[in-house]
1. Hey, among the residues in region B:415-424 that are over 15 Å from A:ASP73 (Cβ atoms) and open to solvent by 10 Å² or more (accessible area, probe 1.4 Å), which one's farthest from the other protein chains (Cβ to nearest Cβ)?
2. Which residue, of A:VAL261, A:VAL246, is without any contact (Cβ under 8 Å) to a residue 40 or more places away in the chain, more than 13 Å from chain B (Cβ to nearest Cβ) and assigned to a helix (DSSP H, G or I)?
3. So A:ARG116 fits all but one of (1) within 12 Å of chain B (Cβ to nearest Cβ); (2) loosely packed, with under 13 Cβ neighbours inside 10 Å; what number is the exception?
4. For region A:1-100, give me every one of the helices (runs of 4 or more DSSP H) that falls completely inside it and has 1 or more residues that are over 30 Å from B:ILE404 (Cβ atoms) and either in contact (Cβ under 8 Å) with a residue 12 or more places away in the chain or of a type outside the set (D, E, K, R) (or both).
5. Which members of region A:15-28 meet the condition of being open to solvent by 50 Å² or more (accessible area, probe 1.4 Å) and hydrophobic (A, V, I, L, M, F, W, C)?
6. Only one of (1) farther than 25 Å from B:ASN242 by Cα; (2) in contact with a helix residue (DSSP H, G or I) (Cβ under 9 Å, 6 or more places away or on another chain); (3) in a helix (DSSP H, G or I) is not met by B:PHE336, so which one is it?
7. If we only count strands (runs of 3 or more DSSP E) wholly inside region B:27-80, which ones have 1 or more residues that are open to solvent by less than 10 Å² (accessible area, probe 1.4 Å) and over 28 Å from B:LYS184 (Cβ atoms)?
8. Among the residues of region B:629-648, is any at pLDDT below 95, crowded, with 17+ Cβ neighbours inside 10 Å, among the charged types (D, E, K, R) and within 41 Å of the chain's Cα centre (by Cα)?
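The values are calculated or read from the model by the stated rules, or taken from the named source; none is laboratory data. Just so it is clear, the model here is predicted, and its values are computed rather than measured. Here the Cβ is made from the backbone with ideal geometry for all residues, glycine too, and neighbour counts use every protein chain on show. Protein only, heavy atoms only, side chains kept; ligands, DNA and RNA dropped before computing areas. Shrake-Rupley method; radii C 1.70, N 1.55, O 1.52, S 1.80 Å.
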Amino acid sequence: MKVLKSYGSGIKEATLQPKMIFILWLRNFIFGLALFYVFFRFLTWSIGNSVLADSLLERFDFSVFFEILVHHDEAMNLLLMVGFVLILLYFLVSVFLYGGILSILTLPPEAKEERRRLAQTFFQGAGKFFGRFFRLSIYALLLWVAFFLINLLLNPLGKLLTGNGSNEWMGFYFFWIRVAIGLFLVFLIRMILDYSRIEIVILDSQAVFLSFLKTIKLVFQQFGKTLALYYLLVLTGIIVIIVFWVANSNLPSFSSTWMTVFIPFLVAQLFIAFQGWLKIAFQSAQLVFYLSLSAI
Amino acid sequence: MSKILLLVMVSLLTFSPSSLAGLSEPIVNYHIKAKLIPEEKSVLGEEELTWINDSNKYISELQFHLYLNAFKNSRSTFMKERGGVPRRLKSNRKNWGYIEIDKIQVKDGPDLTSTIEYIQPDDDNKDDQTVARVTLPKPVPPRGKITLHIDFYSKLSRVVFRSGYHKDFYFVAQWFPKIGVLWKGEWNCHQYHSNSEFFANFGVYRVEITVPEGFVLGATGKRIDATRNGDDTITYTHFQENVHDFAWTASPDFLEFRQEYSLENPPVNTEMILLIHPSHRNQRWRYLSSLKNAIEFYSQNYGPYPYPTITLVDPPLGGLGAGGMEYPTLFTSFAFSWMPKGVYMTEMVTIHEFGHGYWYGIVGSNEFEEAWLDEGINSYSEIKAMKKYYGEDSSMFNIHGVKISDQVFHRVRIIASSRLDPILKNSWEYYNGATYGINVYSKAAFMLLTLENYLGEDVMSDIMKTFYERWKFKHPTSQDFIALAEEVSGQDLSWFFDQFLKSPDKLDYAIGRLRSREVERPEGILEGEQGLFEETEREEAQEQDKMYRNEVVVVRKGELIFPQDILVTFEGGEEIREQWDGKERWKRFVYLKPYRLRSAQVDPDNKVLLDDNFLNNSRVLKPKKIPLLKCALDLMFKFQAFLAFVSF
């Protein structure tokens, strides 16, 4: 019941936060736009003058893509580098925004003034917790190291199960089992970090490492419930991805080429905005769950 | 026993040697008795070889390939050229392979064993033992023949390159002492190189193979006998004329599927034999359907498949080193049990390796010296066959709308290559394995596709059919192919082959400049002026008489020359096609038109497949932004979705 209640509260709270959804969408959009700009310039320079550019309107044509890749490999490398730098910056901005999201979500109902000055409260919180959350990200490397060690340990197990690679079907299944294990671990680490951040904000704790250790303990003590809540939210995300995919595949054809480009773009941005909503739902639901545990 | 005898009798009755009889003079005649010794991973053999001296010289020495010695140690030329020994060989002393001649003697004559001497005709590597010569007590005269009796022992290596074993799977190829080719009066008997394949005389093979009962055996040629020996072994006898090699495989795990294949036009009757590893049973349909496609394609495009059998071997996962290799009437492909339907790798390899039955097996070019003649012609055939059966743009990959063709796969290899070698070169003299592969497979295939587009499909089809018909069961050279192409097409093609076969240089034509300018009315003091217009009249006249000077400059950026078509389109919808011999470094085309130029394309029909860069083949005056916008927005969304997923 506690899990379902937390899930419901999280969904409700996220829906009541359109401004925060907008901030999260905007963050994502700006980074996407940066890559778009670089890539658009690159395309204009590499293929813009060619008749082959028309083929890009129809579908992704690998023969054209390979030509670009081979003949403009240095520019492509540069593009990859830009992408990498953007990912790093995005990570830092995300760490920053966490503080804002949690500051808003943890506001007591009576804090009307703070709710009225939402942007100010949001960015104050973001600034306040940035240093602590950044340290938390560094401590999280311990978990990522463990993740890679587990993966390494799976290698000999795989060899054993597949008869050193000679049992193809076992190899095939084992590959997917590894993917599932990998995803499970990634989600587990994310969940631990979510609770760590919640604990830091709720307790206004400066002892980041201690909070980190405490939440690892908490997650494993309440393993079934924390996991159930997390996977309910993951399931929500999957359902929306399917809805988006179906909607995108069934978009009507437009007579105007501009509409052919613009409408899918609009749908895509709605999807990204939903991702923002889901992020808030994750934080909110887990916050409610954390508070319900503290109440015991 | 009675069942086996019945099978043999039926086989003999249905075996029709008439389609092959007399197609070539059997220079060699091998009768081999071989016994597989599983516990030693070896083969004990006796070989009776009759060889005819078809030169006009007296021959006082014979040269033999001892290919398995490439796997004897790290000092063989093969291993040195590879740049190291694979771990699978190094890990255990038992994993190495070699061949020993225990005894060689003239039948009913002197013992020549003491005259055996390893030679290295291609390099100075004294450690290489892949070629040996024996000295004869008296020379073989022109058109004379000699029969030798050879006892040999072949220790198989773990299968890493083409032949060897993996657990109970044996792939036995290049396994017996094989005489070199006396060609143009000289021995053509090259060492086993990392890049090169093989060359041998056509002949008759009768091979008796003894394996433990329970092993399923596949081999070159038709099975004509099977006898249980009473000691838990069984001896299978295979016979085949007009082949230049003999390979076999055995495993207790093989599942055997036999299916008759018939074609009316041209008439083909053969038996397809599939030996498949149990874990790949679900891929059986894939193998058989692609093999049927291959037989149909090659029979209809080159000539009817002439042999009574074709055996397709599917190696197990640990034996993939044997996969994707051709031998007369037997070849290996590969598959994975989980391979999705839209990935046509198995189909491509099956068609390619079957095709070698024609380009190598029947038209027996020298793979050591002119590998393009089999690999290039066969890759050309493979691309065409894959297009026919699996789609123009999806012949390699077709899943959820993502399509990649076999042709694109080959093209990427070519345009990404470093152009260090030409197509025609001794196989072992290439810069490395990659440049060998790119040149003799992909670039040679594209050379032929370009030639086809230049001459027309019908002419090219005649060339290929005539080449096959004239050179089947013989040994053509590049020059023979060129001469035949010129004869059939009625054109001098030396300019084509001199460039594309013998030069590593680049072919690249591009639209260098595109310009459209309004022609200004003449000003100043001009002869013949009739006086001044009224201002309003002049404006109207200007609007009506507006002319544009449209200029297209086509440039040759590469060293190689090829005649080019150029398509120029105008805003009014008019199209003009130009032709240029492509010899100069650039060529300007100017058009005075009442409308502007829209675009220009060099090679608009995409005929010159060897052109290095398709991106610069065309140019538009006003670039369209929408396609670029769509593509960039697609990437933007994918990046956004990725960021959204990884950020929290």
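1. Going through the qualifying residues, I end up with B:LEU424.
2. A:VAL246
3. Only one criterion in (1) within 12 Å of chain B (Cβ to nearest Cβ); (2) loosely packed, with under 13 Cβ neighbours inside 10 Å is unmet by A:ARG116, namely (1).
4. Output list reads A:2-15, A:18-46.
5. Passing the criteria: A:LEU16, A:PHE22, A:TRP25, A:LEU26.
6. (3)
7. B:28-37, B:42-52
8. Yes: one or more hits.
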